[in-house]
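Please treat every number below as a calculation from the coordinates, not as lab data. Just so you know, these numbers come straight off a predicted model, no measurement behind them. All Cβ positions, glycine included, derive from the backbone under ideal geometry; neighbour counts span all protein chains shown.
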Amino acid sequence: MPTRQMKESSEQHLVIKTHLQNTMNQQPQKHHKTAQNGKGPPPPPLSQAQTQTSPSTKNRGRRRGRGGRKSDQGDACMRPSSRPCTVLHKPMNPPCDLLVNAPNGSIENAGNVCEMQMGLGFPTSSKSLSYAPRPGYGQLGTKCIVKANHFFAELPDKDLNQYDVTITPEVASRATNRAIIAELVRLHKESELGMRLPAYDGRKSLYTAGELPFAWKEFTIKLVDEEDGSNAPKRVREYKVVIKFVARANLHHLGQFLAGKRADAPREALQILDIVLRELSNKRYCSIGRSFFSPDIRTPQRLGEGLESWCGFYQSIRPTQMGLSLNIDMASAAFIEPLPVIEFVAQLLGKDVLSRPLSDADRIKIKKGLRGVKVEVTHRGNVRRKYRVSGLTSQPTRELVFPIDDNSTMKSVVEYFQEIYGFTIIHTHLPCLQVGNQKKANYLPMEACKIVEGQRYTKRLNERQITALLKVTCQRPRDRENDILKTVQHNSYDQDPYAKEFGIKISEKLASVEARILPAPWLKYHETGKEKDCLPQVGQWNMMNKKMINGMTVSRWACINFSRNVQESVVRGFCNELSQMCQVSGMEFYPEPVIPIYNARPDQVEKALKHVYHASANKTKGKELELLLAILPDNNGSLYGDLKRICETDLGLISQCCLTKHVIKISKQYLANVSLKINVKMGGRNTVLLDAISCRIPLVSDIPTIIFGADVTHPENGEDSSPSIAAVVASQDWPEVTKYAGLVCAQAHRQELIQDLYKTWQDPVRGTVSGGMIRDLLVSFRKATGQKPLRIIFYRDGVSEGQFYQVLLYELDAIRKACASLEPNYQPPVTFIVVQKRHHTRLFANNHRDRSSTDKSGNILPGTVVDTKICHPTEFDFYLCSHAGIQGTSRPAHYHVLWDENNFTADGIQSLTNNLCYTYARCTRSVSVVPPAYYAHLAAFRARFYMEPELQENGSTGGSGSHGTKGTRAGESGVRPLPALKENVKRVMFYC
């Protein structure tokens with residue numbers, strides 16, 4: 001990661017104006033009629049400080065040298081024009097930047113200016129920023145009771161004390177640290193520690209219930225190496241441990257927060273309680289993140305290639321409206337199977353390794369598979385020394401020799417093991433494992449080693465392994481609920497000595513929560529179909545008797561076949577069936593391709609695509625090809641990604657890929673789904689909300705509203721330098737809010753903040769020029785609808801709770817600046833919502849036998865929303881299960897409204913979010929995440945294919961700058977730019 005960028009980021013400052021507004025106690029506002037031409041009320045004027053870019057911001061753009069699309073300055077003035085869907089509405093609130101908490105927790109304005117560091121070094125305290133308070137509770141929908149995997153925890157009545165721990169010499173291993181403190185407690189609990197049983201985080205902090213008899217004390221602790229079976233004297237290591245009092249946790253503050261009387265969470269107290277409740281499990285199980293695993297919880301299942309799945313449980317203490325809650329969920333993870341190394345290698349390669357020599361490719365795979373893995377020797381009887389594998393010898397064991405003395409007397413590995421250990425190496429054709437560092441590497445024969453149990457596999461799983469792991473993790477709701485209850489009972493928190501010490505009591509019953517089932521929205525289809533509208537049933541519907549509301553025309557298309565297993569006649573039949581399905585669904589699809597079906601080899605994808613592109617252009621006299629159908633082998637490796645990269649960034653082709661298995665065995669359902677995807681890729685719409693057509697969506701239909709979705713995807717574990725990919729999509733068809741355009745960019749490795757939302761750079765002719773993804777999408781909305789957006793709804797995916805503050809501060813500021821750069825005084829109100837799927841809250845039907853309260857899979861019904869009891873004590877969040885389950889236990893999406901200048905009611909944002917989930921373009925089902933966030937995720941995932949192939953192979957940094965930008969100087973930003981999307985691709989939902 002470039003150091004220059006980090007340095008510059010720390011120099012940036014954001015000036016934040018505060019305004020007098022408390023969304024909890026809104027004053028009544030008068031209604032105003034809009035003008036006859038459909039204009040909404042003008043946005044209130046901004047101060048000069050808000051409309052101008054600060055010097056530091058200008059310098060930031062110049063220093064970074066980032067590029068951007070050179071927007072026509074004529075596009076920047078966004079005058080609203082007529083639009084037939086404007087009704088009575090409330091005037092917008094004045095633009096309100098970040099509310100600032102007063103010392104007493106109230107909200108002040110006083111025109112104060114709060115300067116905060118921007119870039120990569122932010123304030124981590126939440127005291128200077130108030131998130132949107134809960135405006136009340138939702139009332140819409142059919143009320144019901146659900147159960148949640150939250151267990152009520154009573155607050156302790158004891159003082160919680162924090163002590164700083166310093167261990168000398170410093171130890172990197174948490175396990176060793178824990179062993180040192182465990183020995184200290186064993187020796188001194190009854191004397192120096194005053195009978196206290198402390199909880200320890202494995203690093204720098206020790207916690208006690210009540211004070212220790214001292215404020216500072218030094219201990220000397222001796223650790224003896226664990227028994228390895230040898231008769232050699234054990235190594236004794238000595239450590240100095242200094243324990244020093246730091247602070248007392250404020251439980252009164254925590255009680256007030258849980259009661260909703262304080263807005264800021266006492267993170268220290270929550271952290272202590274979390275560590276206390278994890279202490280015993282840390283000793284019993286293998287700890288990974290917030291989860292614990294053990295082969296004893298359930299018998300491990302083989303995943304293939306030397307891996308197995310371990311079952312475990314997730315545990316976290318959370319503040320909720322019902323007080324403290326312990327969230328328990330089941331978990332699974334891949335571990336390396338504790339096999340003899342030769343057996344592991346045989347599984348890894350999928351072949352017999354005892355009788356055949358290894359190829360170079362085999363050695364590379366073994367080296368990757370074993371590097372960093374702990375092994376123990378098996379050739380010394382009870383002696384079980386452990387080593388970490390650093391590499392693999394390039395020579396077979398029979399050829400390996402090494403010096404045994406200072407006179408360079410050489411001895412072979414085979415002879416050494418025979419003479420010293422009496423161990424005969426049989427499989428001398430295999431290489432040896434290298435353990436230790438490169439300067440002093442030791443050789444261990446494979447057949448003398450076994451993999452140590454309990455090592456998690458952190459690299460990427462292949463398709464077969466993922467499928468096998470999903471079979472293990474996929475539990476029906478009733479089974480998952482039972483396993484969670486068994487886990488709580490097995491953990492016996494009432495008998496946990498640490499929970500007892502700190503006075504924490506945990507219920508063994510699932511939380512019973514009031515929920516509501518929101519109604520499904522009516523969907524509008526084309527008037528020429530037999531069914532002009534449709535009411536989905538249990539989250540599903542179909543295209544029978546319906547036609548797309550905006551079916552597009554495809555008159556120039558071609559087909560390329562990369563699959564050797566499919567004859568041309570079969571491909572021709574498939575194309576004919578697909579064209580008929582597109583026509584039946586409401587598209588105009590010309591039945592014949594412009595050139596005959598072209599057969600190509602997968603390893604010549606670029607040559608084949610360019611041939612089809614130019615041959616089609618010659619046949620159509622220069623008119624561009626509208627659609628390319630591509631038949632791919634079922635296992636196509638990099639072919640799919642290469643095809644998408646070439647089509648979308650080089651040739652400007654919209655493509656639709658189909659796997660061989662679907663071409664050979666044609667399914668009507670598959671054809672219908674493909675036709676839906678083709679239509680939106682062509683710029684059409686499949687269906688829209690009936691309420692959108694009739695202008696009945698609160699806070700969307702009244703004035704032009706743009707809905708954004710944003711996501712950042714990060715590289716796989718082990719890819720240490722690949723860039724993160726950010727994507728932003730935005731609706732382009734108010735009042736329907738169904739069609740989206742998207743932009744993608746690459747940014748620094750594992751950077752969560754979206755860097756290119758707004759940016760400036762220096763142009764030799766025009767001076768400072770503004771750009772960025774938000775600005776470009778606002779301009780695109782204006783061109784598509786004839787309106788400028790007067791309201792912004794921003795769904796942000798992929799943000800963890802610890803990043804809320806930073807992401808909101810940085811990205812809300814970018815939205816503000818993007819708007820101000822387009823037109824003076826242009827500051828539409830913003831609602832900023834974080835969407836989370838990576839959480840562990842699960843909702844279960846109150847009665848699994850009641851078929852009326854579950855879908856076919858036994859899950860809660862689509863539309864189930866919860867905003868009480870298990871939700872945040874004061875902030876505006878809710879859980880929504882918007883989809884019907886297929887298999888396993890449904891995971892509700894968690895929506896957290898961090899910022900709301902549009903004054904949504906709970907019902908307003910919940911019903912809008914639920915209704916949008918029925919507009920996902922790729923299927924006739926409601927989806928589990930609001931579509932703009934879903935589309936952003938798809939776009940970011942697609943952009944990974946745009947990185948140059950050699951960069952993907954070696955993991956070096958790939959690009960920065962949103963697609964369509966010009967003039968980006970890659971060397972200055974430190975992140976290689978992605979190739980630009982072609983203009984005709986950017987306009988449509990290319991990622992679908």
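At-a-glance table
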{"read-out": "Per-q log10 I(q)/I(0), the stretch 577-629, q = 0.12 Å⁻¹ (Debye; single scatterer per alpha-carbon; no solvent)", "value": "-0.34"}
{"read-out": "Under 17 Å from the Cα of K532 - aspartates and glutamates, other chains or at least 8 residues apart", "value": "D691, E736"}
{"read-out": "Dipole axis of the stretch 516-650 (+1 Lys, Arg; -1 Asp, Glu on Cβ), positive-most option in G641, Q580, W522", "value": "W522"}
{"read-out": "Under 12 Å, Cβ to Cβ, from I484 - net charge with Lys/Arg +1 and Asp/Glu -1", "value": "+1"}
{"read-out": "16 Å Cα-Cα reach of K486 towards lysines, excluding residues that sit fewer than 8 places from it in its own chain", "value": "K147, K509"}
{"read-out": "Mean Cβ count within 10 Å, highest first, over the residues of peptides 659-670, 304-315", "value": "304-315, 659-670"}
{"read-out": "Straight-distance crosslink candidates among aspartates and glutamates, where the alpha carbon sits under 13 Å from K459 and sequence neighbours closer than 8 are dropped", "value": "E305, E716, E719, D720"}
{"read-out": "Listed pairs K623/K644; K222/K500; K547/K681 exceeding 26 Å between Cα atoms", "value": "K222/K500"}
{"read-out": "Relative contact order computed over the stretch 848-951 (Cα-Cα under 8 Å; 6+ residues apart), in percent", "value": "20 percent"}
{"read-out": "For the stretch 203-361, size of Cβ-based charge dipole, Lys and Arg +1, Asp and Glu -1, in debye", "value": "820 debye"}
{"read-out": "All Cα pairs of the stretch 254-351, percent lying beyond 17 Å", "value": "62 percent"}
{"read-out": "Net charge of Cβ neighbours under 10 Å - reference Y239; Lys, Arg +1; Asp, Glu -1", "value": "0"}
{"read-out": "Charge dipole of the stretch 442-584 about the Cα centre (unit charges at C-beta), most positive-ward option of G454, G539, T487", "value": "G539"}
{"read-out": "Listed peptides 560-566, 720-726, 453-459 by packing density, highest first (mean Cβ within 10 Å)", "value": "720-726, 560-566, 453-459"}
{"read-out": "Magnitude of the charge dipole, the stretch 419-522, Cβ model with Lys/Arg +1 and Asp/Glu -1, debye to 20", "value": "400 debye"}
{"read-out": "Electrostatic dipole magnitude of the stretch 670-749 [Cβ: Lys, Arg +1; Asp, Glu -1; Cα centre; debye, to 20]", "value": "420 debye"}
{"read-out": "Built amide H within the under 5 Å cut-off of L307, gap 5+", "value": "E337"}
{"read-out": "Environment charge at K365 (Cβ cut-off 14 Å; Lys +1, Arg +1, Asp -1, Glu -1)", "value": "+4"}
{"read-out": "Against the rule of thumb 2.2 N^0.38 Å, how large the Cα Rg of the stretch 484-536 comes out", "value": "2.49"}
{"read-out": "Diffusion coefficient, µm² s⁻¹, Stokes-Einstein with Kirkwood Rh over alpha-carbon pairs of the stretch 409-545 at 10 °C and 1.306 mPa s", "value": "67 µm²/s"}
{"read-out": "Protection proxy ranking, peptides 241-250, 691-700, average beta carbon neighbours within 10 Å, highest first", "value": "691-700, 241-250"}
